[in-house]
Amino acid sequence: MNIRIFPSDEILETTVSHLPLSKSVSARVLLLGALTEGAVEPEPSQLADCDDIKVLSKALKQSKGEVTAHDSATALRLLIAYFAAKDGAEVTLTGSARLCSRPVGALVNSLRGLGADIEYAAREGFAPLHIRGCRLTGGEIDLDASASSQFASALAMIAPGLPGGLRVNLGGQIPSMPYLKMTLAMMQARGIDAHIEGYTMVVPQGAYKPVEAEVEPDWTAASYWYEMAAVSAGWITLPGMKYPDLQGDSILARIGERIGVLTNFEDGNAELSATPDMYSRLDLDVSDHPDLVPALAVTACLVGMPFHFTGVANLRIKESDRIDALGSNLRKLGFVIETDRDSMGWEGEREPIVRMPEIDPCGDHRITMAFAAAALFVPGIILLDCEVVNKSYPDFFEDLRQAGFTIVDADAPLPNPVHEE
């Protein structure tokens, strides 16, 4: 579905009622639960209500035949390790065309080093995969985790079930390291002393202890509301947020000050308020927090703040090539973005907007949500394929409506008194 978005005539002041629970924590809760004897399956209300988590939850109940991860790279990577270590499982693990173009060879190679029976069904290094689960060995292996920290997380979570545990030598720069630290912390909470020594991840053999699922609101989803606060100079309440948090993206509370958004944590909520005391420019190494890049890049442009981000290479193999998607769509808003393999930036160069922008998310939920705030810059902006938000934040547009935005079908007559020139 294609939509137009118009902002309210009033200053934005809202409480976000549907902020989703953390997708990353929910995925780990599901896999750790599947690996824990006596664990009680969490209720749907205890987990993120989004497509990725529904896909993973369904797949973990299967052990034969074709299993699809659809568009979820998280599900695919965790399931590769899970099925490889599940004795007696025999599955063909597949997904969407885009997902089957995202590399998994480094994870497969490491699992094969532990005795895994995995074959590529089509292209070497990519899904679909034929997996016959068996008893894996423990020991020491090397892992090139430069494509995703989820490779290391997947190995870590199955490692307590291996004889003697596992030592993983982490080669290459690991993007999103806070997500691996999240995994290890959740394992520690379940009785496994998983940790990192230098460049080696160490996981002892052991048995997980059942714990009650506890999943907090998603900090990456919160980034779109920090964006709204910065661009609108309004006030926004995000219920249930705390700092610090297991989620690495909670660093947003500190980055927010640089883009003109103060965060006050009170009564279990994060209260966002705009301040004119923003930085003159935004220079960041985002390698630990790549999912924040769409919201931060669009925010910086909309508030007129030059920026330069390094550590973005991993964003080229997400649901879209996010660097290209951001650059092409920001140009539609008149911002000339400069990019190379591992950096992107804007130094203030502008072009005139010659037609109403149509934002193409390239199938990527984070691109759609990042550009919603552009309605404050160009009222009536068109977002294409907006249903992609179901991947992580299904109620995003409902939250926008409750905040006072008007959302209509892109082909419907324009609401009065709005008239397009």
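For segment 262-285, does any single residue satisfy the condition of being under 14 Å from the mean Cα position of the chain (by Cα) and either hydroxyl-bearing (Ser, Thr, Tyr) or on the phi > 0 side of the Ramachandran plot (or both)? Looking for residues that are under 14 Å from the mean Cα position of the chain (by Cα) and either hydroxyl-bearing (Ser, Thr, Tyr) or on the phi > 0 side of the Ramachandran plot (or both), one finds none in segment 262-285, hence no.
Mind listing whichever residues of segment 8-18 are touching a helix residue (DSSP H, G or I) at 6+ places or on another chain (Cβ under 8 Å) and surrounded by fewer than 23 Cβ atoms within 10 Å (Cβ to Cβ)? Passing the criteria: Ile11, Leu12, Thr14, Ser17, His18.
Of all residues in segment 276-329, exactly one satisfies the criterion of being in contact with an Asp or Glu (Cβ under 9 Å, 6 or more places away or on another chain), more than 24 Å from Trp225 (Cβ to Cβ) and among the hydrophobic types (A, V, I, L, M, F, W, C), namely Ala313.
Of the helices (runs of 4 or more DSSP H) entirely within segment 166-258, those holding at least 3 residues that are modelled with pLDDT of 95 or more and open to solvent by 50 Å² or more (accessible area, probe 1.4 Å) occupy 252-258. Where strands (runs of 3 or more DSSP E) fall entirely within segment 283-383, none has at least 3 residues that are crowded, with 21+ Cβ neighbours inside 10 Å and out of contact with any helix residue (DSSP H, G or I) (no Cβ under 7 Å at 6 or more places or on another chain). Restricting to segment 387-414, name every residue that is within 19 Å of the chain's Cα centre (by Cα) and over 19 Å from Asp291 (Cβ atoms). Selection gives Glu387, Phe397. Of the listed requirements (1) in contact (Cβ under 8 Å) with a residue 40 or more places away in the chain; (2) open to solvent by 20 Å² or more (accessible area, probe 1.4 Å); (3) within 27 Å of Val211 (Cβ to Cβ); (4) not acidic (Asp, Glu), Ala147 misses just one: (3). Look at Pro42 and say whether it is closer than 27 Å to Gly240 by Cα, in contact with a Phe, Trp or Tyr (Cβ under 7 Å, 6 or more places away or on another chain) and either of a type in the set (Ser, Thr, Tyr) or crowded, with 16+ Cβ neighbours inside 10 Å (or both). Criteria not met by Pro42. Can you name every residue in segment 340-354 that is under 25 Å from the mean Cα position of the chain (by Cα) and modelled with pLDDT of 95 or more? Answer for segment 340-354, where residues must be under 25 Å from the mean Cα position of the chain (by Cα) and modelled with pLDDT of 95 or more: Ser343, Met344, Gly345, Trp346. Restricting attention to segment 150-165, the residues that are in a loop (DSSP other than H, G, I, E, B) and either open to solvent by 50 Å² or more (accessible area, probe 1.4 Å) or touching a His at 6+ places or on another chain (Cβ under 9 Å) (or both) add up to 2.
Considering each of Ser101, Ser110, Ser96 in turn, give the residue that is crowded, with 20+ Cβ neighbours inside 10 Å and of a type in the set (Gly, Ala, Ser). The unique qualifying residue is Ser110.
The values are calculated or read from the model by the stated rules, or taken from the named source; none is laboratory data. Model, not experiment: these values are computed from the prediction. Positions of Cβ are backbone-derived with ideal geometry, glycine not excepted, and every protein chain shown enters the neighbour counts. Please note that ligands, DNA and RNA were not included when accessible areas were found on the heavy atoms of the full protein model with its side chains. Shrake-Rupley method; radii C 1.70, N 1.55, O 1.52, S 1.80 Å.
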